[in-house]
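Below you'll find the structure, written out as structure tokens, and then a few comments.
The values are calculated or read from the model by the stated rules, or taken from the named source; none is laboratory data. What you are looking at is a predicted structure, and each value in this text was computed from that prediction instead of being measured. As a convention, Cβ positions derive from the backbone with ideal geometry for all residues, glycine included, and neighbour counts pool all protein chains shown.
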2 protein chains.
Amino acid sequence: MSADLYRALFAPSSVALVGASDVRGKPTARPLEFLRQHGWNGDVYPVNPKRETVLGEHAWSALAELPAVPDHALILTPPDAAVDAVRQCAELGVTVATVVADGFLPGTPDGDRRRRELREILDGSSLRLLGPSSLGVATVASGFACTGNAAFAEEPLPSGDVFIASQSGSVLGALLSRGVEMGIGFAGMVSVGNEFDISLGEVCLAAVDDPAVSSFALFLENLSHTGDLAAFARAAAERGKPVVAYKLGRSDDGARLSVSHTGALAGDDAVADAFLRAHGIARVVTFDALLEGQLLARRVPIARAPAERRVAVVSTTGGGGAMAVDCLAHAGLRVAAPEPVTVARLAELGVETGHGALIDLTLAGATYDTIKAALDVLLSAPEFDAVVAVPGSSARFTPDVSVKPIIDSADASTPLAVFVVPSAPQALQLLRGSGVPAFRTAESLADAMTAVFDRAPVRPETAVPPVGADGITLDEDASYAVLDSVGLASPPRVVLAADDLPAELPVPAPAVVKVLSDQLAHKSDVGGVVLGVADGTQMRTAVADIRTSVATARPDLGVDRVIVQQMVRGVAEVLIGLRRDPDAGPIVVLAAGGVLAEVYRDRSVRMAPVDREQACEMIDEVRSLSVAKGFRGAPRGDLEALAAAIVAVSRLAVSADPVVVEAEANPVLVLRDGEGVLAVDAVVTVAETGP
Amino acid sequence: MSADLYRALFAPSSVALVGASDVRGKPTARPLEFLRQHGWNGDVYPVNPKRETVLGEHAWSALAELPAVPDHALILTPPDAAVDAVRQCAELGVTVATVVADGFLPGTPDGDRRRRELREILDGSSLRLLGPSSLGVATVASGFACTGNAAFAEEPLPSGDVFIASQSGSVLGALLSRGVEMGIGFAGMVSVGNEFDISLGEVCLAAVDDPAVSSFALFLENLSHTGDLAAFARAAAERGKPVVAYKLGRSDDGARLSVSHTGALAGDDAVADAFLRAHGIARVVTFDALLEGQLLARRVPIARAPAERRVAVVSTTGGGGAMAVDCLAHAGLRVAAPEPVTVARLAELGVETGHGALIDLTLAGATYDTIKAALDVLLSAPEFDAVVAVPGSSARFTPDVSVKPIIDSADASTPLAVFVVPSAPQALQLLRGSGVPAFRTAESLADAMTAVFDRAPVRPETAVPPVGADGITLDEDASYAVLDSVGLASPPRVVLAADDLPAELPVPAPAVVKVLSDQLAHKSDVGGVVLGVADGTQMRTAVADIRTSVATARPDLGVDRVIVQQMVRGVAEVLIGLRRDPDAGPIVVLAAGGVLAEVYRDRSVRMAPVDREQACEMIDEVRSLSVAKGFRGAPRGDLEALAAAIVAVSRLAVSADPVVVEAEANPVLVLRDGEGVLAVDAVVTVAETGP
């Protein structure tokens, strides 16, 4: 997005309101009302062919009649008239048009037709389009409330440095009013609607260089235009402007689980999670944290998460402090007690420790000096990654006194966050006004803190070969060969013609005999697998049995070849898969073996490729693998080799020869520590090679 | 608690303030300040031996000097002086004394001494004691703010019909101010402190018959005095006065897991959960829901939860409605689309359905008539157990208009709850003022709704034999006999003298041979188990091997007897245990077999005994049992027999002969449907019988 386009969107010198109504309070009248109410000083051109004036102002009969070509046209008409207006904008040379109307979704005859018409218009001009189904844009400081969202009647609008982009228009209004309540203000706000032309990522990317913007809040209904989103995220990370996102869709997670297909197994929401995390975006799950988490995100540098995030909780209210400890620990943070050196420094202040992890200042006296000194000690103690202060009822009655020591301590390299236990809106606003992250609930604090610590360093753009959805599915033997080429081995195997078997078992016993076919996704289901084969005689029996079973279950298939493979025993069993998500791109999945992945949704998803450190994080996230860590005296598994195998499979995402559409090694046996891992079944789909 | 005592606590005619300070704003001066500020009209007697006046009022030098015996003495002095004051109260015939001081916890010499002194005083008099470490009590309507909690400077205090009891004093203040913000008011408020004499349950039980009280909010740090709590819960349920509780301790859950001991496996917090649920108490996990959930709890009758709780979500704001759907579904409720009849009735109103589960009124026009009519349709539709309305920005600007249709529809048998998407405190207060449950966040709504639907019908008091912690651990054979006596069978077995083995296997092959001893908790760990024994020869070898292994690992034990048992195969394997929690009483645990219970914390806990329906709920909660429900074509397990086995083990809680201290069948094999379940290992501890 050019600087001119960004300016036309958020700071035009003139805007046309096409279809502006004369009836006060109607959504189509509101943009004019709001622009006047908030004192925007650009030129406003109401366009209404039926009236000479709207709301007491001169109205033009058509875009072509305007005294000047507007930078921005907000089109408030129904969808077919909107297409006409967009066409006129294109002809006149308007920079950007925002279309409010619904009715442009694909899949209906009208929607499809209108999309074709818009596409033609845009392809033939320099016009850019926001929406359709956009509720508009706003620049709060200038009063450019170019929207029909009723919430913009707010007086005054909350000006600040957070940029809001939302796929839902109505939520923009909720965020506006909640910002007012919280004392959090906004720079630009945009409802991107259907993202037919301008995407959420594109508009945010342009806002990254806006000096009025310090951080971003995204409300996402789905992941789309992920390339733009990724480019934005990289730019935001470079400029140190953090991004916090709330995304709908958690409840679908896992509903569509299926072990047979890596993609379905991962679930859309887990893929979205992986995408956001990989791009340094803090995903919160409470609506409050989307705004309350902004200041915290600015204070916590994006860095690969340490294994434990150690948090000190210091309180002047026992019960409230305990609530904070409970919520933070429940969310997976480690509420840590101070080290002896810190204990000694606190003791000098009269602060007793030893009440578990909570540092309670009540007995030492909650004076300015004690609180300030205790916070300074904790903020300079190397054993904490963050400090949480929990003030009590005084925050309601003497907010300035109560939060002063916190504000005065907050300028430390360790982030300091506050959970205010009573209802104390003034204290919250004072803290936030001073840049101190402050939270109304312990739940929102725990959510925001987890989300900002979970962010991964933004990955550089990876060259991924263009891959279609279709491809050629390789048989088990050929699939092993692909995995082997990147370093994931399988046990010794021999492929034999079913009609021409040797006398002796060609691999060390015991062996497994399996039908070999690229047409059979589930060999066991058709009797195509015999385990525990001890010698040549048993092998021949096994092959005969397999031929009989498969002939019954799948009369269309002939069993020409079998694979005879040495059986091995692991200490744990997992699935490693590579899939290409149509939105997010290549992902790698590590899942518990067998039915556990389904029953317990026990899996970890990352954008592919991953490095060793990310692979280790994935291993930590799959709970069933705790048995391979020497759990209850069990033998340790070779998790170092497992990490290498995950890296190897994930790197198939960038392989040019072959180009892999999808790969799944399932199960992969984790052998004892030092003995490696082995894939004992595999399906790889490669792209069809050109002529 | 007598009516006199309840009156002395919350509505005394006179109160003495022992240790009242003359320094305005000090915690010890505040009770007098607050009683005057809020216009309480009883007699107040400040007692301060060092001053003739405090805060301009006459002060008495000692309790004995007062012109009348006060009903209630609030003792504000340090702990040793407090003990003296309590003694004087006892001598004078004061009804109740509230002690604020800390310093009475057991385990320290001073604490133990003071507890002994208090015990002696109370045992020798009619005086009752609240605290120590109580922050006091309040009756809001009368202005009886008998507390030093700074929050009671609130003007005016929020009067209402919620009764608050808290184990944390400081949280009382936070709830007070949050109630003000929410428009939720209180009848009585009490900080119970250490519950040395008067317990939280006892004071709440007395409040159940207070006509000013409609429901209860409990803030719990731990479960204690559970007998009183249970009696209160039963009385509250009888009177239809719901109880909502927030309990600390979720983060400890599972940290102390251990499969070897049922009690540790359950985890304290899971036991607390089971206790609260069994007593019809709605446990919320967000602080907001403790108050916001009050009105919802009044509207949802306590009933055993149906398998699905079907919720309709109707919105005038797409994004906000989607947030509600996502949060409710994520919390485990079923957001359901309307049935065809309802769809047709909505269509008559111009309301289109078919956007997934969300019913969006935006296109139909969010007028009073449309909203009211749509709500009436949904509230009378039999397919919904609750309806959620989600108003948008209009709730902020025209709160009365926006919430009127909701208020006018709410008087239906189906509960109606509201999530207000923008910041709209007035709309929230209007709704709540009309008795409509209204929520500031979708997260709090989902939390409260789950909690109130999760409540079980209150169980009648069960006669549980008095059981000590110690007992006699039975060997495997005797343990089977106990389980068998209540109906949990085990596979055919024979106990043999290790020195006198028969020639043939005495049970059908294959068999397992196990050392039989009441001294060996983990037979396998010492080589005391041999599986897959096919005949008499193998049996003799097995016994010899076991003798060698056990002699090496445990030279103190001789292997005199072995158990030879037929091996069986199940489709799933679980643990069923009975334990007696020192606080909550007998609990029954159903857990996934093997390491799964630990790795995935996959278990369900209930108070024992349970009935078949509760046992079925437990089966539904153990995720690994989904494999026994025909998951992915696997054979179905006999879950009806499993339910019967859970009931059987749970009924050991009330068995008088033998009196069972603890029982654990692990594993229990679930056979194919119709074939039953079998315990294949068991340990039962019975109480020592008297002489």
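Pairing each residue of segment A:15-34 that is under 20 Å from A:Asp71 (Cβ atoms) with any residue that is part of a loop (DSSP other than H, G, I, E, B) and among the hydroxyl-bearing types (Ser, Thr, Tyr), provided the two are 6+ apart or on different chains, yields C-beta distances under 7 Å for A:Val18/A:Thr77; A:Gly19/A:Thr28; A:Gly19/A:Thr77; A:Ala20/A:Thr28.
Residue-level check: of (1) in contact with a Leu (Cβ under 8 Å, 6 or more places away or on another chain); (2) under 28 Å from A:Arg493 (Cβ atoms), A:Val654 misses just (1). Could you tell me whether B:Ala481 is without any contact (Cβ under 8 Å) to a residue 12 or more places away in the chain, of a type outside the set (S, T, N, Q) and within 30 Å of B:Glu617 (Cα to Cα)? Yes: the conditions hold for B:Ala481.
The rows are residues; the columns are (1) modelled with pLDDT of 95 or more; (2) in a loop (DSSP other than H, G, I, E, B); (3) under 18 Å from B:Val680 (Cβ atoms).
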{"site": "B:Asp477", "(1), (2), (3)": "yes, no, yes"}
{"site": "B:Ala481", "(1), (2), (3)": "yes, no, yes"}
{"site": "B:Pro491", "(1), (2), (3)": "yes, yes, yes"}
{"site": "B:Leu520", "(1), (2), (3)": "no, yes, yes"}
{"site": "B:Gly532", "(1), (2), (3)": "no, no, yes"}
{"site": "B:Met539", "(1), (2), (3)": "yes, no, yes"}
{"site": "B:Ser549", "(1), (2), (3)": "no, no, no"}
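Look through B:Gly593, B:Gly630 and report the one residue that is of a type outside the set (Lys, Arg), exposed (fewer than 15 other Cβ atoms within 10 Å of the Cβ) and modelled with pLDDT under 90. Criteria check complete, one pass: B:Gly630. Is at least one residue of segment B:33-40 exposed (fewer than 14 other Cβ atoms within 10 Å of the Cβ) and at pLDDT 95 or above? Checked against the condition, which is being exposed (fewer than 14 other Cβ atoms within 10 Å of the Cβ) and at pLDDT 95 or above, segment B:33-40 yields at least one hit. For B:Ala101, the conditions (1) within 14 Å of another protein chain (Cβ to nearest Cβ); (2) more than 14 Å from B:Leu74 (Cα to Cα); (3) assigned to a loop (DSSP other than H, G, I, E, B); (4) more than 27 Å from the chain's Cα centre (by Cα) are fulfilled apart from (2). Within segment B:571-587, being away from chain A (no Cβ under 14 Å) and part of a loop (DSSP other than H, G, I, E, B) holds for B:Pro582, B:Asp583, B:Ala584.
Taking segment B:588-606 as the range and being without any contact (Cβ under 8 Å) to a residue 40 or more places away in the chain and within 14 Å of chain A (Cβ to nearest Cβ) as the test, the residues that pass are B:Ala592, B:Leu596, B:Val599, B:Tyr600, B:Asp602. For segment B:405-429, the tally of residues that are touching a strand residue (DSSP E or B) at 6+ places or on another chain (Cβ under 8 Å) and assigned to a helix (DSSP H, G or I) stands at 4. Taken as a whole, segment B:422-439 holds no residue that is among the aromatic types (Phe, Trp, Tyr) and either within 11 Å of chain A (Cβ to nearest Cβ) or at positive phi (or both).
Only a single item in (1) at positive phi; (2) without any contact (Cβ under 8 Å) to a residue 12 or more places away in the chain is not met by A:Gly585, and it is number (2). Here A:Gly468 fulfils each of the conditions (1) within 30 Å of A:Glu688 (Cα to Cα); (2) over 32 Å from the mean Cα position of the chain (by Cα); (3) in a loop (DSSP other than H, G, I, E, B) apart from (2). For segment A:147-183, a residue qualifies if it is surrounded by fewer than 24 Cβ atoms within 10 Å (Cβ to Cβ) and away from chain B (no Cβ under 12 Å), and the qualifying residues are A:Pro156, A:Ser159, A:Gly160, A:Asp161. Looking at segment A:199-210, can you tell me whether even one residue there is modelled with pLDDT under 95 and surrounded by fewer than 20 Cβ atoms within 10 Å (Cβ to Cβ)? No, that holds for no residue.
Within segment A:400-413, if we keep just the residues that are more than 14 Å from chain B (Cβ to nearest Cβ) and surrounded by fewer than 20 Cβ atoms within 10 Å (Cβ to Cβ), the residue that is nearest to B:Leu175 (Cα to Cα) turns out to be A:Asp400. Out of A:Val513, A:Val564, one residue alone is at pLDDT 95 or above and either in contact with a Pro (Cβ under 8 Å, 6 or more places away or on another chain) or exposed (fewer than 15 other Cβ atoms within 10 Å of the Cβ) (or both). It is A:Val564. Scanning segment B:238-252 for residues that are within 14 Å of chain A (Cβ to nearest Cβ) and assigned to a strand (DSSP E or B) yields a total of 3. Screening B:Ile371 against (1) surrounded by 20 or more Cβ atoms within 10 Å (Cβ to Cβ); (2) under 33 Å from the mean Cα position of the chain (by Cα); (3) assigned to a helix (DSSP H, G or I) leaves a single unmet condition, (2).
What are the residue pairs meeting all of these: first residue in segment B:376-399, first residue more than 9 Å from chain A (Cβ to nearest Cβ), second residue of a type in the set (Lys, Arg) and surrounded by 21 or more Cβ atoms within 10 Å (Cβ to Cβ), Cβ atoms under 6 Å, and 6 or more apart or on different chains? From residues that are more than 9 Å from chain A (Cβ to nearest Cβ), the pairs are B:Asp385/B:Arg309. Within 14 Å of chain B (Cβ to nearest Cβ), in a strand (DSSP E or B) and either out of contact with any Lys or Arg (no Cβ under 7 Å at 6 or more places or on another chain) or of a type in the set (A, V, I, L, M, F, W, C) (or both) - does that describe any residue in segment A:621-639? Within segment A:621-639, none of the residues are within 14 Å of chain B (Cβ to nearest Cβ), in a strand (DSSP E or B) and either out of contact with any Lys or Arg (no Cβ under 7 Å at 6 or more places or on another chain) or of a type in the set (A, V, I, L, M, F, W, C) (or both). Could we say that B:Val568 is touching a helix residue (DSSP H, G or I) at 6+ places or on another chain (Cβ under 6 Å) and assigned to a loop (DSSP other than H, G, I, E, B) here? So B:Val568 does not fit the description; no.
Across segment B:576-585, the number of residues qualifying as surrounded by 23 or more Cβ atoms within 10 Å (Cβ to Cβ) and touching a Ser or Thr at 6+ places or on another chain (Cβ under 8 Å) comes to 4.
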